[in-house]
Amino acid sequence: MVSVNETRAADELRAPFIYRDDDAIERPLQMEQIGRLLRYMGRYPRLVWAALAATCGGIAVALAAPYLIGATIDTAIGGAHPTALLFYGGALAALYGLNFFATRARIRLTNWLGQNVIRSLREDLFSHVQGLSFDFFDRRPAGSVLVRIMNDVNALQDLFTNGAVNSITNLLTLVGIVIIMFSLNIQLALISMTVVPVMFLISTKLRALIRRSWQHVRIRLSRLNAHLNESIQGMRVTEAYVRQDENQAFFEGMNADYLTMFRRAMFLSSFFAPGVDFTGAVGSALLFWFGVHLLMHGAMTVGLLVAFATYLGNFWTPISQLGQVYNQLLVAMASSERIFEYLDTRAGVLDRPGAQALPAIRGDVEFSRVEFAYDDKKKALDGISFRAAAGMSVALVGHTGAGKSTVINLLARFYEPTAGVIRVDGVDICACDLLSLRSQIALVMQETFIFSGTIMDNIRYGRPSASDEEVVEAARAVCADDFIRQLEDGYRTEVRERGSRLSMGQRQLISFARAILADPRILILDEATASIDTHTEHLIQKGLRRLLEGRTSFVVAHRLSTIREAALILVFEDGRVVERGTHDGLMRGAGRYRHLVEAQYRFLA
Amino acid sequence: MEIFRRLQSFYRPHARYLAWSIVLLVLTTALGLAYPYLLRLIVNRVIEKKQYGELIFFVSGILIAALAKGACNFGQQYLGQVFGIHAVYGLRNALYHKLNRQPFSYYDKVHTGDLMSRMTADLDAFRLFLAAGFNSIVNFFLLLVFGLGLMFSMNVTLTLSVLSMIPLLAFVAVRFDALLWPAYRRVRQSLGKLNTAVQENVMGVRTVKSFAREAFEQDKFTSGNNAYFDANIRVAGLWKTFFPYMELIGNLEVVVVLGVGGYLVIAGHLSLGDLVAFFSILWYIIAPMSQLGYLLNTWTQSVAAGERLLDILEAPDTVPSPAAGRTDPARGTVEFRDVSLAYDGQLALRRISLRAEAGSTVALLGVTGAGKTSLVSLLPRFYDATEGAVLVEGVDVRQWDLQALRSQVAVVFQESFLFSTTIFANIAYGRPTASMQDVERAARLADAAEFIDRLPDGYRTLVGERGLGLSGGQKQRIALARAILADPAVLVLDDATSAVDMETEYSISRSLREVMAGRTTFVIAHRISTLKHADQIVVLDEGRIVQRGTHARLLAEPGLYRSVYDMQFRDQELLGGQPLAPVAGAMNG
């Protein structure tokens, strides 16, 4: 066993590309989940009832029409009564006319119902996921969260638009047809029913086989497309490293795999229609064989035979649809399990019951013996205490992993401390309303996220109520105005694909403008200037200073000129503050800080 | 037709599948009409004429015809699909091949989303027509000919009255599909937008939460969710409007056959068996009629799709590799001879001349847009110079075999791109056969080994879109290791260490000096600490070289280099006078 795993792992090490499949396949039926799904339909009771009523209209036609046709043949045509013909023809036309309205109503209502359910389910899922905290997002790649909100919810669409309502009407239709057939002629009814089990088999077993085989096709196709997407995005690297031949071989392998799977699925699928046809033909043959014999003995009429043939034909639709619903349910189980797993995940950071909104703060921050551990492992922070008076600037210094970012994550309450208290203006931040806290803090990170939309929209993200003038003013304050005006549409320039049109420095300037527009009392800069070139940084120094003015600020930076100006420098090592003080004070000693500064100096000299 | 002719090399080799499929299709349609015909015989001869002995033949005829029809139907459907998928298999490979050789200027203009929609939706539309659309059109005409022939042979009056409503059905069907396609396109578009909204929300979750913009995001999502809902309801609305009519017309045909046919039977112009047979043929004709719109659409869609695919396939190759280009290994001498480069009518480089001896390091400094990236992009022929020439080893890059040239020039791009695979395979991207020792060595030199070793899965860790999220600095170091492993004669670092801290960058540049001994390095950076040891520092401004020289020389003259140095050096003043000594030394030396 071990060796098998190792070989597989060894293959994976060198795999040119690895695409994990992230699509739900199917699960056995689970009543609890079905109940939960049905409760979503329960939100629209009137739509449910109306849809059921409309479909019942359709059932009535499906049940009455063949009988009427049979009667026409026997009574009017066989009996040569032209007036009766007119009467029956008129009745049939009227019946079909009613059916016209029933069909309209059914299509409209079932779609309304289904789309409403899907919409509210997705809405619930999205707002729930959005309310989850960082411990949730840190553990999952963005792609897999996206798959659940989009693909898994869409997988339920068919079930809700067609499946649920139809399955009830289909059952009723089947029962109705069986009753009518038996009341017309028991022998013939029994004979016609012999093909029903075959129909069921085709509609469930063969269809399940077919569906599974298409799932394999879809999996192959989504890998193929994942690779294509990635190849296009990384094409410059591929061309630079002359990887075309290897990649072509890899792609052709995937493509051939897809071809094989497709042929296999198509082979199975091609059995479906002929299978249905042939079963129908066997049914008809049986019907005529026995029907004619009954006819010979006068126990049957031509019209009745035609009616029977039509009923037998009508059997297929409900059976087929029920089979489909069954299959949809199996798929829905897998998707809904994944959806409910998210809906049942509780946020790690949550407002306490009765949490009070934080009033407008001055910006006094205090950490008191704060401890924190990610995933119950080693402590990331171990007894941190410090105080920053309102308007003070604090620089956090230390190596990667020393605890600087954790302090920031706790201050913005992305996580909550495992021990100790963080107070803003003397209020424990874990006891106050989350949004009221965060809306008074702004965070500028090393990697800025740019949303698709205009530059104006992106800056306005800091404060949606800001006027255009205020946005421009904010951009001007951080020296972003110049480059924005040089873009073809100025502030109205559309940025796409995560801001790829902008350089890293330009993106950072936009995030500064965003922060200044938000006008927070507490500002956090986490390596915010690392990707800006020196020249630009020099240009924005003034803007940056304005950004910091009068606010309590926490700055994580390597650039000494930024650190030097801080009123308090905290030096972190292994989750502890090992030194604290002002630049001058710390430089007088011979501790960690002085050592760090001197080390940096050496690189330049 | 023109479009299909240009794409014929992909489907012609598989034409035998199509030919067999069509033969079987003709048989399927013909056999399908056996059922109404036999039904007619059963009623006319067995029931009316009481020839009960013949029943066994007709009933077994039904079974045999059904079996034969089933087999033919299976064959025509399967072979048609096989034809389609094989044609598209070759086409997809060819498209991928083409995309892998498009010049950088091509990717500057196209959007990933657009290419993806061609490679998915368009390819599928094209396949659908080859696989089923063509067959359906043939089937449509066969049915019309066979079905009407049989009906006319039985009774002209009844056939004409049945036919009276067919044009109406065809009209409704065509109109329906004409509206349905754009409506489905809207569904896809709104789904795409909703997808983007959710994706951005999840990826930008730090930004969303830190600005407490959850409510705003919720609104954005809700409007996208509603738009998707509306688009779906609009499609349902079309179904609601058109489908009941198509159903009604089909049903009314039944009433017509029953009424007119019944009257003809009563009047003795038609036998009962013929009437029953008419019923049976009716469904045979109505079904394809209601699909007429769909058929016409698969044709127009496939032509439009084929055209978009040809756009890719027939895009001009602008990076021709000479037939017998130079392939010898280079040592790394590089020369730019009076090079100018224009993109979209704008000059990115103006008359650049520069020479780098093998084993030297050239550093490039300049503000954003000064032309640094453009300059180094000419080396591996990502772009070709508009004027002048770039020489590697004294040979014009355009005289080099393209593969040989690129495998000797390794570039680390400004934005590091990692593929969805292991860290190992990402580092070994340029040399897939590299040993673990080589990969580890490259990682060590790029200062990446330490953090990779700390990951629970080490070099097996999956990265890329769905893999572990790495920091910008970590990605840059993996990209750097990739370049080191490629063992190039010329290494180009385009702002490749901007996201790593100064200490790490310092240690990387020291190990690079060792690795690149005897070979040539071009480095673009903002930090003086990275640039200062270069043999030649070149300052670019608006596509021109405005300053060049060593660290000491450039410090001695006013210009961008010195002002950047001053800015970065100001950091050091805080050491209180101490740093001045070494700087004076550098100026003198």
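Some observations on this one:
- Neighbouring Cβ atoms from other chains, within 10 Å of the Cβ of residues in B:107-119, number 3 on average.
- Simple point charges give the picture: +1 on the Cβ of Lys and Arg, -1 on the Cβ of Asp and Glu, and for chain A a dipole about the Cα centre of about 540 debye.
- Relative contact order, whole percent, for chain B stands at 14, derived from Cα pairs under 8 Å and 6 or more residues apart.
- Only Lys, Arg, Asp and Glu carry charge here, each on its Cβ (+1 for the first two, -1 for the last two); on that basis the protein assembly as shown has a dipole of about 1420 debye about its Cα centre.
- Relative packing of B:495-503, B:144-152, A:354-362, which averages over residues the other C-beta atoms within 10 Å, highest first: B:495-503, B:144-152, A:354-362
- Chain A, relative contact order in percent, only Cα pairs under 8 angstrom and at least six apart counted: 15 percent
- Note on B:268-279: average number of Cβ atoms from other chains within 10 Å of each residue's Cβ is 2.
- The Cα center of region A:30-93 and the Cα center of region A:380-428 differ in position by 70 Å.
- Note on A:137-150: average number of Cβ atoms from other chains within 10 Å of each residue's Cβ is 5.
- Kirkwood Rh (inverse of mean 1/r, distinct Cα pairs), region B:352-408, angstrom: 12.4 Å
- Sorted peptide list for B:269-278, B:431-440, criterion being average Cβ within 10 angstrom, highest first: B:269-278, B:431-440
- Nearest 10 degrees, 0 to 90: helix B:502-515 Cα axis against chain B principal axis: 90 degrees
- Label-to-label distance for B:S353 and A:T454 is 4.9 nm, based on points extended 7 Å past Cα in the beta-carbon direction.
- Within straight-line cross-link reach of B:K372, aspartates and glutamates at Cα separation under 13 Å, skipping those fewer than 8 residues along the same chain: B:D494, B:D495, B:D541, B:E542
- Partners of A:K205 within straight-line reach, counting lysines whose Cα lies under 24 Å from its Cα and excluding those fewer than 8 residues away in the same chain: B:K69.
- Only Lys, Arg, Asp and Glu carry charge here, each on its Cβ (+1 for the first two, -1 for the last two); on that basis chain B has a dipole of about 1040 debye about its Cα centre.
- Taking every DSSP bridge with both residues inside the protein assembly as shown, close to 55 percent are antiparallel.
- Span-rule helices in chain A, defined as complete DSSP H runs reaching 30 Å or more along the axis (Cα) with Kyte mean at least -1.0: A:45-71, A:82-131, A:164-184, A:207-233, A:244-296, A:302-343
- Nearest-ten-degree value, helix B:134-154 long axis tilted from longest Cα axis of chain B: 10 degrees
- The C-alpha atoms of chain B define a longest principal axis, and helix B:436-445 lies at about 50 degrees to it.
- DSSP-defined antiparallel bridges as percent of all bridges, chain B, nearest 5: 55 percent
- Options A:T279, A:L268, A:S192, ranked by Cα towards positive dipole end of region A:186-299, top entry (Cβ charges): A:S192
- Residue (of B:L25, A:T161, A:N409) at the positive-pole extreme of the protein assembly as shown, dipole from beta-carbon charges: B:L25
- Under 15 Å from A:K379, Cα to Cα: aspartates and glutamates that are on another chain or at least 8 residues apart: A:E371, A:E416, A:E573, A:D574
- Leading residue at positive end of dipole, region A:24-110 (Cβ point charges), from A:G90, A:Y40, A:I59: A:Y40
Quick note: the coordinates plus some simple rules give every number you see, no bench work behind them. For clarity, every value in this text was computed on a predicted model and none was experimentally measured. With ideal geometry, Cβ positions are generated from the backbone for all residues, glycine too; neighbour counts draw on all protein chains shown.
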